[in-house]
1. Please state the shape class of the range B:47-159: rounded when a/c is under 1.5, otherwise prolate if a/b exceeds b/c and oblate if not, all from the C-alpha gyration tensor.
2. Beyond 23 Å between alpha-carbons counts as too far, so tell me which of B:Lys53/B:Lys131; A:Lys76/B:Lys131; B:Lys47/B:Lys74; A:Lys54/B:Lys143 fall in that bin.
3. Could you work out, residue by residue across A:42-54, how many beta carbons of other chains sit within 10 Å of that residue's beta carbon, and then give the average as an integer?
4. May I ask which of A:Lys83/B:Lys156; B:Lys107/B:Lys147; A:Lys12/B:Lys156; A:Lys83/B:Lys147 have a Cα-Cα span longer than 29 Å here?
5. Quick one: Karplus J couplings for the range B:101-116, per residue in order, coefficients 6.51, -1.76, 1.60, θ = phi - 60°, nearest Hz, x for Gly and Pro?
6. Rounded if a/c is under 1.5, else prolate if a/b beats b/c, else oblate: with a ≥ b ≥ c from the C-alpha gyration tensor eigenvalues square-rooted, which is the range B:90-131?
7. Within 10 Å of each Cβ in B:126-136, how many Cβ atoms from other chains are there, averaged over the peptide?
8. As an exercise, identify the trypsin sites (Lys or Arg not before Pro) in the range A:44-88 lying in DSSP coil whose Cβ has no more than 11 other Cβ atoms within 10 Å.
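FYI, it's all coordinate maths here, none of it is from the lab. Quantities reported herein were computed from a predicted structural model and do not represent experimental measurements. No Cβ is skipped: glycine too gets one built from the backbone with ideal geometry, and neighbour counts run over all protein chains shown.
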Amino acid sequence: MANPTRIRASVKDGVTEVRALMQHDMENGRRKDEAGALIPAWFITEMKVQCNGKIVLEGQFGTSVSRNPYLVFRFKGGKPKEKVTLFWLDNLGDTRSDEVEISG
Amino acid sequence: MIQKRYCSTVDLERRRALKTGGGVGLLCLLAASGLIQPGIASAEWQKAAFAAKNMDEALDALGITIPEESTFIKLTIPDIAENGAVVPVTVESSLSRTEQIAILVDKNPTALVANFVIPEGTEGYISTKIKMAQTATVIALVKVNGKFYRASREVKVTAGGC
């Protein structure tokens, strides 16, 4: 099981800003380990953020997103105490979903 | 061959298994937990676009012809990146109703970095961190009302990280 995504969501003037740090190695499949063997590709391919069941962002990643993908975006609406959920899926079928309460 | 670079045979089989048998159970579980809502089509990961080795292939796979440079898009990225493994990028569209933001690097082994689908109510703003293999042009493509716009900047990379 992958490590939890660190998420912060705060609302100001009716706009919620979400900051997320997904914990993932994002191996591109071209790097080699110390023994010279190729490290297989392992990276997040899809992610989705929801607030109150409504999708507020959907993303697809390639291998060129940095290790531990960082993301900031903003959406209208969202109230303090409402929940923001970030879900991701990687190329090996592993998934992770984390949620955070919006702070006001 | 392109697929192999992304997934070993085992992985492909695993994915296939997920998509058929095991996938149904997983999807039901996700649907039940409210993560995937039936009726809302999720944006499928576009393998061809993400496997594309250059800009043209990636754009072809996305079905986009390279649009004109536009001043509506603000692309914030350092002129010189000391560490190519972590290059901060911010794309901001001043036009309302931005539908999609895609980030590409023309000289990376795979040109398409990320593609975001922006639903109504979400602002045309994305800030993230990307890898750059070498000095290259970073391109942001923004879709507004069905039309694509572009902003690009050259970034000098001191130490590549891809």
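1. Details: a/c = 1.85, a/b = 1.32, b/c = 1.41.
Judged from the Cα gyration tensor, the range B:47-159 comes out oblate (a/c at least 1.5, b/c at or above a/b).
2. Numbers: B:Lys53/B:Lys131 15 Å; A:Lys76/B:Lys131 30 Å; B:Lys47/B:Lys74 28 Å; A:Lys54/B:Lys143 21 Å.
A:Lys76/B:Lys131; B:Lys47/B:Lys74, as the Cα separations exceed 23 Å there.
3. Working: counts 2, 2, 2, 6, 4, 2, 6, 2, 4, 2, 1, 4, 6.
Counting other chains' Cβ atoms within 10 Å and averaging over A:42-54 gives 3.
4. On the way: A:Lys83/B:Lys156 40 Å; B:Lys107/B:Lys147 25 Å; A:Lys12/B:Lys156 36 Å; A:Lys83/B:Lys147 33 Å.
A:Lys83/B:Lys156; A:Lys12/B:Lys156; A:Lys83/B:Lys147, as the Cα separations exceed 29 Å there.
5. 10, 10, 10, 10, 10, 5, 10, 6, x, 10, 6, 7, 8, 7, 9, 10
6. Numbers: a/c = 2.72, a/b = 2.33, b/c = 1.17.
Prolate, since a/c reaches 1.5 and a/b exceeds b/c.
7. Numbers: counts 6, 7, 10, 8, 7, 8, 2, 3, 0, 0, 0.
Mean shielding count: 5.
8. Values: sites: A:Lys48, A:Lys54, A:Arg67, A:Arg74, A:Lys76, A:Lys81, A:Lys83; in loops: A:Arg67, A:Lys81.
When the trypsin sites (Lys or Arg not before Pro) of the range A:44-88 are filtered for loop state and at most 11 Cβ neighbours within 10 Å, A:Lys81 remain.
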